[in-house]
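See below for the structure under consideration.
The values are calculated or read from the model by the stated rules, or taken from the named source; none is laboratory data. A quick note: this is a predicted structure, and the numbers were derived from the prediction, not measured. Here Cβ is always computed from backbone atoms with ideal geometry, including for glycine, and neighbour counts include all displayed protein chains. When the accessible area is computed, the model is the full protein with side chains, heavy atoms only, and any ligands, DNA or RNA have been set aside. Shrake-Rupley method; radii C 1.70, N 1.55, O 1.52, S 1.80 Å.
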Amino acid sequence: MHFVTQPDYPQLWERLSEECRLLHPVCSGDDYSMSPVDKKTDFESLIFNAYRAIEPAKMFLFPVKEVVCGEEEGEQPASKENQKKTVIIGVKACDLRSIKVLDHVFLSGVCEDPFYKAFREATVFVSSDCSGYKDVCFCTWVGLNPFPEEGFDVNISPISGGYLFETATDKGQELIGKVKKFLAEPTQAQLDQREANRKKTIEGLNKQMREQGFTPGLDHERVIRDNFDSEIWEREAERCVECGACNFTCPSCHCFFFSDDKQKVWTREKNWDSCQYKRYARVAGGGNARQMLAERLRHRYICKFNFYKDILDVYACTGCGRCVEACIGGIDIRKVANELNK
Amino acid sequence: MSSINNPYYPIRAKIEKIITETPTIKTFVVRPETPITFKTGQFVELTVPGAGEAPFTPSSSPSISETMEITIMAVGCATKRLHAMVEGDEVGVRGPYGTAYAVDELKGREVLIVGGGVGLAPLRSLLLTLFAEIEQYKKIILRYGARTPEDIVYKYHIDEWQKKEKVDYVLTVDKGNESWKGNVGLVTKLLDALRLDLKNSKAVVCGPPIMMKFTTLKLLEIGYTPADIYLSMEKNMSCGLGKCGHCRLGTYYVCEDGPVMRYDMIKDFRGVWE
Ligand SMILES: Cc1cc2nc3c(=O)[nH]c(=O)nc-3n(C[C@H](O)[C@H](O)[C@H](O)COP(=O)(O)OP(=O)(O)OC[C@H]3O[C@@H](n4cnc5c(N)ncnc54)[C@H](O)[C@@H]3O)c2cc1C
Ligand code: SF4
Ligand code: SF4
Ligand code: FES
């Protein structure tokens, strides 16, 4: 654990920006947006993000579209530019959980996805504790804390006068090793403050959720599993317009499809896909495992709360609330779970 | 970068021969640039240049790896484009993927094989595998149903297979014509008359979803246990590698845990047959 003073914080990143590609959250209204910071950046203006950014972290490891086969001899996994070491700063506990899911999908099983792997290996996650939360946040409802406990290389905790930097991996050690001159030994009081802050955020978030009607302790796994035949699925699906925004904004949604170029034959693109689209499960002869919209909506919840619980022992829903914000039909995953539990 | 480290990159393959099976089904004999070894029941992703990819199960014997036969029904974009291709044209092949038929489990038993339509394609690969060591099996009972006499695939095998020792091959069509002298009716009807040593038998089924559903129900009625029934499941697939999410069935990916699945693995999932 190291202590970095407030004035040193921007300098530390300025120094690292000479060697790595840095993504740091910048203010965008009430939100934060992940932006590259480099020589041109006014480092003094870098602010600590109180909660997660608009963009799910998956965007930087699993692009919206990516050429995976070229006309010649296949395609290099990730271009040179992408393979450049990228430090993603300010990732929250929720997005780290989603990376656990993506790692499982793309790095285990019958084979690895070399494209994801190249991005993953070149990425350093510098996560941070939440010092606030959005009105849609519900990580504590799905088994997470609003501060990173696993999956980070370096984690930052804001305390008075500066930040605590905790390194968890060799990658993180190596990164921090480059800026030793900014690091000081933390005092016990500073460590205690971190714990107190964390507790405060949990309590605040839980209070907000209780006021919103989301009582701690809901067994999401059971609620989804036991309500396969509920008519609530159909009622909710009435407001779904099949835009796929819930999937695209979700940090753990990872479905994709290949599309082959009609002209540049042998060129293949890997594109994000949405399980809410009708064609997603269509097979020859017109068969469809999930013909009805309500079935597709339910499938998404089963995926988040049952499938990944079964195979990876985590919920793939991280409680980030992005889909709640994104849905133009106003479908709220928290309320759906609550309704099903009635 | 070659296909060795890019699992999405297909091996180029020349179409060596095209056999017209029925008005809508053709068998393509392809020769991949590097031989592809597969186990019977596993599938490949076939690239039709400019049209996309689709999953198919080779219909040839796995003992041959230089060439591979794939029997394909023209149903949509990629398959229709493929049917318009000619000998000498190039396609792409990735694979093999998924589970194979548990041939060892079938040894020493009466093997009941039930096919419907183009579903006889993967089963032909299995049959050729079993025929190669026929002494290992007590009996091979093949029941096949096609829509009309015209729609029967591998007509050139019928005589040969029916004459084979230990092999009992009966066909039926849903709808006959003037020259058809054989059975008329659904393939499930042929199963009623079977006299089987159930304790010592396994069943393998491949065909359209509706046929698989009713065949499975019939087999259970006859007395097969769910663990005795092997099905070739068909789901929408894109990657074939357990990554893209499309083929999920309950806790499984059909591309990885299937396509050959024992019925007891999946019987409790909802929407198995859709
Ligand atoms: C494991 C497996 C083995 C198969 N083996 C054979 C075989 O030996 N012979 C045979 O004729 N057919 C087989 N099929 C069915 C074959 O894959 C479809 O007929 C083919 O995908 C149709 O493609 P299309 O572009 O012509 O159809 P369209 O209806 O134009 O396109 C359907 C769209 O859905 C996508 N899709 C993905 N998976 C499927 C699917 N399973 N069925 C239909 N569309 C799908 C396609 O990529 C395409 O974008 C098999 C399917 C599976 C899953
Ligand atoms: S399902 Fe919604 S709340 Fe859960 S991780 Fe995905 S976007 Fe976030
Ligand atoms: S969901 Fe939790 S971890 Fe994520 S931003 Fe909100 S409070 Fe922070
Ligand atoms: S086809 Fe992609 S996961 Fe099975």
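Some observations on this one:
- Evaluated over region A:220-341, the count of Lys pairs having alpha-carbon atoms less than 28 Å apart is 11 (only pairs 8 or more residues apart or interchain).
- Global geometry of the protein assembly as shown, whether rounded, prolate or oblate, following the gyration tensor of its Cα atoms and the 1.5 cut on a/c: prolate
- Distance from the Cα centroid of region B:41-113 to that of region B:119-139 is 16 Å (rounded to whole angstrom).
- When the accessible areas of B alone and A alone are added and the area of the pair subtracted, with a 1.4 Å probe, the result is around 3500 Å², both sides summed.
- Averaged over its residues, chain B has an accessible area of 40 Å² per residue, based on protein heavy atoms and a 1.4 Å probe.
- For residue A:180, the lysines whose Cα comes closer than 21 Å to its Cα, not counting residues fewer than 8 places off in the same chain, are A:39, A:85, A:171.
- Dipole of chain A, positive end: most advanced residue of A:227, A:28, A:217 [Cβ charges, Cα centre]: A:227
- Take the Cα of residue A:221, step 7 Å toward its Cβ, do the same at residue A:11, and the gap between the two points is 5.0 nm.
- For region A:220-341, a simple Cβ point-charge model (Lys and Arg +1, Asp and Glu -1, everything else neutral) yields a dipole of about 340 debye relative to the Cα centre.
- Gaussian network model of chain A, springs between alpha carbon atoms under 10 Å - residue of A:46, A:61, A:22 with greatest fluctuation: A:46
- Förster radius 30 Å - calculated FRET efficiency between residue A:328 and residue A:108 (Cβ-Cβ, nearest 0.05): 0.30
- Heavy-atom accessible area, probed at 1.4 angstrom with all protein chains present, ranks B:77, A:243, A:94 as B:77, A:243, A:94, highest first.
- Shape of region B:1-148, Cα gyration tensor, a/c cut at 1.5: oblate
- Burial of 50 Å² or greater, region A:93-113 residues [accessible area, probe 1.4 Å, versus chain by itself]: A:110, A:111
- DSSP-assigned coil residues among trypsin sites (Lys or Arg not before Pro) in region B:103-146, each with at most 15 further Cβ atoms within 10 Å: B:107, B:138
- Chain A: C-alpha gyration tensor shape, a/c 1.5 cut-off, then a/b vs b/c: oblate
- Seen against the Cα atoms of chain B and their longest principal axis, helix B:209-222 is set at about 30 degrees.
- The DSSP beta bridges internal to chain B are antiparallel in roughly 55% of cases.
- Each Lys and Arg contributes +1 and each Asp and Glu -1, all at the Cβ; summed about the Cα centre of the protein assembly as shown, the dipole is approximately 1040 debye.
- Using C-alpha pairs below 8 Å separated by at least 6 residues, the relative contact order for region A:220-341 is 35 percent.
- Residue A:101 contributes about 0 Å² of solvent-accessible surface, heavy atoms of the protein only, 1.4 Å probe.
- Among A:173, A:193, A:263, the largest mean-square fluctuation in a Gaussian network model of chain A, built with springs joining Cα atoms closer than 10 Å, belongs to A:263.
- Full-extension gain in nm, residue A:234 to residue A:192, via 0.36 nm per residue minus C-alpha separation: 10.2 nm
- Surface share of carbon and sulfur [accessible, 1.4 angstrom probe, percent] for chain A: 49
- Whole-number percent relative contact order across region B:198-254, with pairs defined as alpha carbons under 8 Å at least 6 apart: 32
- Kirkwood analysis of the Cα pair distances in region A:240-342 returns a hydrodynamic radius of 15.1 Å.
- Low-density loop positions, trypsin sites (Lys or Arg not before Pro), region A:206-266 - DSSP coil, at most 13 other Cβ in 10 Å: A:239, A:262, A:264
- Summed over qualifying helices (DSSP H, 4 residues or more, each -39500 (n - 2.57)) and divided by its residue number, the protein assembly as shown shows a 222 nm mean residue ellipticity of -7500 deg cm²/dmol.
- Residue with peak Gaussian network fluctuation, chain A [Cα springs, cutoff 10 Å], from A:247, A:227, A:206: A:227
- Mean separation of Cα contacts under 8 Å (6+ apart) over length of chain B, as relative contact order %: 18
- Seen against the Cα atoms of chain B and their longest principal axis, helix B:120-131 is set at about 70 degrees.
- Rounded accessible area per residue of region A:220-341, 1.4 Å, Å²: 40
- Dipole in debye (nearest 20) - chain B, about Cα centre, beta carbon charges: Lys, Arg +1; Asp, Glu -1: 360
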